[in-house]
1. For Cα pairs less than 8 Å apart in space and 6+ apart in sequence, what is the mean separation divided by the residue count of segment 1-100, i.e. the relative contact order in percent?
2. With a point put 7 Å past each Cα toward its Cβ, work out how far residue 376 is from residue 237 in nm, to one decimal.
3. Using the per-residue mean of other Cβ atoms lying within 10 Å as a proxy for protection, in what order, highest first, do the peptides 158-169, 210-221 fall?
4. How high is the FRET efficiency between residue 263 and residue 8 when r is their beta carbon distance and R₀ equals 25 Å, given to the nearest 0.05?
5. Can you pull the one-decimal nm distance between simple spin-label points at residue 203 and residue 344, each 7 Å off the Cα toward Cβ?
6. For segment 269-314 and segment 34-68, what is the separation of their Cα centres, given in Å?
7. Working from the pairwise distances between different alpha carbons, so that the mean of 1/r is found and then inverted, what is the chain's Kirkwood radius in Å?
8. Exposure proxy check: 266, 376, 124 ranked by fewest other beta carbons within 10 Å?
C-alpha cells in the first residue's frame, strides 16, 4: 500500500503508538500501586473523561488553526506530565497523570483526520482501511504498554518507567516536522451536508448506543482484568501481559474490521463481530486462571475492537463542522461513555467478582449486535 511509504502517515501512526502506550500503562501502574477495583475504576474514569470530553474542543481548534501544535504538543505534553507522575509521590503524582491525559485528547482528533485524508488521497478513497490502520497502531500501543510496564516494574520498579518518556521525545519532534505546513483541515463538502440531512434521529441514537456498549465492554476488560489476574495469584508480568494481549487482539481486529468495512456493508460487519465477541468473553468468565486465557482474551479484544474504525468513519460523515471536530466528538463520546460504564462495573466487580462483570459484558455485546444492523452507510 502506498500509505506505508508516506512520511506523514507513518509519523502520525508512530505518534499514536506512543500516546496509547502511555495510556495503556495506566491500569498496570495503578494495580502496582495497590489500588482497589473501585479506586482503579474511579481514577480511570477521571483520566478518560479528562481526555475524552476535551477532544471536541481540540478538534474544533485544529479545524481552524491547523494540526501541527496540537499533534506534536499532545505527544510532548504527555511526555512531561507522565514524567512528573512518576517522580512525584501519592496524590500529586496521580494528579499529574490525569493532566497528562490532555495530551492524548489533543492528539487523537488530529491523527484520526489525517488517517482518513491520507486514505482518500493514497488508497483511492478507502478511508475506513486507512483509519483502521491508524487505530491499529494505537491499539498496538495498548498491547505493548501493559506488557512492557509489567516487565519494567518487575525488573526495575518505578525508576525503569522513565524509559517511556525518553523514547517519546523524538517521536513528538518528528510529527512536528512532518506537519510544518500546518494547513487547517478541509471543511465538509456540499454532498456530505446533503447526505447528513437525510440521516434520522434513529440512526444517531443507534450509533450512540452501539458505540457506548462496545466501548463499555472494552473498558471493563482492559481496566479490570489486571486486578482480576492479580487476585488469582499472578505477578505483574502476567497481569500486564493479559491487558496487553486484549489490546493486541483489538489492534488486529480493528484492522480486519476496517478492511471488511470498505468491502461489505458496515452494519453487517459490526453486527457479526459483536455477536462473535460474546463467545470468548463468556467463556473467560467460566475458566478462572487458565492457559486458555492466552487465547480467549485476545479473541475478545479482536471482535470488540473490529467495530471501532467503522464507528468513527460513520460519525465523520454525519456530524456537522470540520473533520477534526467530528472525530473529537465521536472519540470523546466513545471514550467517556465507556469510562462512565466502567465506574459502575468497577463497583460491581468488588461486590460480585469479575466473572459476574464478564457475564454482564457478554450481555452488552449481544445487545449491541442486532442494534448495529440498524446503522446506515
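Every number here is computed from the coordinates shown, using simple stated rules; none is lab data. As the structure is a computational prediction, the values presented were derived from the model and not from experiment. Reconstructed Cβ throughout: ideal geometry from the backbone, glycine too, with neighbour counts over all protein chains shown.
1. 24 percent
2. 5.5 nm
3. Put in order of decreasing packing, that is 210-221, 158-169.
4. 0.45
5. 2.8 nm
6. Cα centroid of segment 269-314 versus Cα centroid of segment 34-68: 24 Å apart.
7. On the way: mean 1/r = 0.0493 Å⁻¹.
Hydrodynamic radius (Kirkwood, Cα only) of the chain equals 20.3 Å.
8. Values: 266 24, 376 16, 124 9.
Least to most surrounded, the residues fall as 124, 376, 266.
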